[in-house]
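The values are calculated or read from the model by the stated rules, or taken from the named source; none is laboratory data. Everything quoted here is computed from the prediction, not taken from an experiment. What goes into the accessible areas is simple: the full protein's heavy atoms, side chains included, and nothing from ligands, DNA or RNA. Shrake-Rupley method; radii C 1.70, N 1.55, O 1.52, S 1.80 Å.
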Amino acid sequence: MKIAFVGKGGSGKTTLSSLFIRHLAANEAHVVAVDADINQHLGAALGLDENEASALPAMGAQLPLIKDYLRGTNPRITSAATMIKTTPPGEGSRLLRVREDNPVYDACARTVRLDDGEIRLMATGPFTETDLGVACYHSKVGAVELCLNHLVDGQDEYVVVDMTAGSDSFASGMFTRFDMTFLVAEPTRKGVSVYRQYKDYARDFGVALKVVGNKVQGEDDLEFLRSEVGDDLLVGVGQSDWVRTMEKGRPAPFELLEADNRMALQALQNAAEDSYELRDWERYTRQMVHFHLKNAESWGNEKTGADLAAQVDPAFVLHEHLSEPNAAQPA
């Protein structure tokens, strides 16, 4: 499943996504984690020290390699240079699988060993002041979107993306790339403001959205969140001494995480697994094409000098069966 964590800055989004990743690894799931936030903190939240976190390769810097690999032998894509962040796969494209080894993972992913297993970690790369122009920022996150467009995953496989804070996630179609989106909200008016924005954007695209209340101190906080988000509230997560210890650089074994918070993480996994039954690969592919044609018309054709609408393969539908080991891949 493809899972996104979103929320306003300071909501605890990265902390909760890291706890969920640890929980999945402890349950023997296969996990690819992606740090797509402007502030790159997921590595540290997963236990990497400062040097290890800063040494993570930047996906944005590997965009030419990513494009060249994913293009494969797709005859509709005349060159890797004409690929943009929304380019959809078609016949001949190479697809990414969670468990495989491939040049994209070799260049962009690193194995992180946790208490109860290991995961692959990828990151867009750190953002500097010179990156904060719209084109630069979204070209880095575009590497993530392009990979998601070409990724096929099964029921016991997870791609967990820590998204950028606030409503910047809507700058492209990437918010439609997920089976489940967990919106982390504190029990305050500011805490639920991003929820309203996300709900409005998601409504027309069938995006599955659940709210995770964070820093919940009692039933009054839960009641406030219920009054604001209704049935979209999935669970509340309380203060954690385990997290405080981890943030001080002295992590305890993950099995010592508070029982209530472990139960909350299981509720997240249950919701993700339920979303699997609702997968609609035809809609997923159709939305991918929708945003590609929109981007092609607004800026892509001019930037690449090509008719990017011609990249769409009308007969191609991304589907889980394409992740089977005997499924054809271009050499």
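Data overview
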quantity	calculated
Residues of type lysines that LYS215 reaches as a straight line, Cα spacing below 27 Å, ignoring anything fewer than 8 places off in the same chain	LYS2, LYS8, LYS13, LYS190, LYS199, LYS248
Relative contact order [Cα under 8 Å, 6+ residues apart], the range 1-75, whole percent	20
Protein-only accessible surface order, largest first, of ARG71, ARG76, ARG286 at 1.4 Å	ARG286, ARG76, ARG71
Whole-percent carbon and sulfur share, accessible surface of the chain, 1.4 Å	48
Relative contact order (%) - criterion: Cα under 8 Å, at least six apart; region: the chain	27
Of GLU228, GLU91, GLU297, the one that fluctuates the most in a GNM where the chain has Cα springs shorter than 10 Å	GLU297
Volume in Å³ per residue [convex hull over Cα atoms, computed for the range 141-268]	140
The range 41-109-the range 183-216 distance, computed between alpha-carbon centres (Å)	29
Translational diffusion of the chain, µm² s⁻¹ [Kirkwood Rh, Cα pairs; Stokes-Einstein; 4 °C; 1.567 mPa s]	64
Mean shadow area of the range 250-321, taken as a quarter of the surface of its Cα convex hull (nm²)	9.3
For the range 3-162, fraction of C-alpha pairs farther apart than 22 Å, in %	41
Fraction of antiparallel bridges per DSSP, the chain only, in percent to nearest 5	15
Accessible area, probe 1.4 Å, largest first, for residues ASP231, ASP280, ASP313, ASP106	ASP231, ASP106, ASP280, ASP313
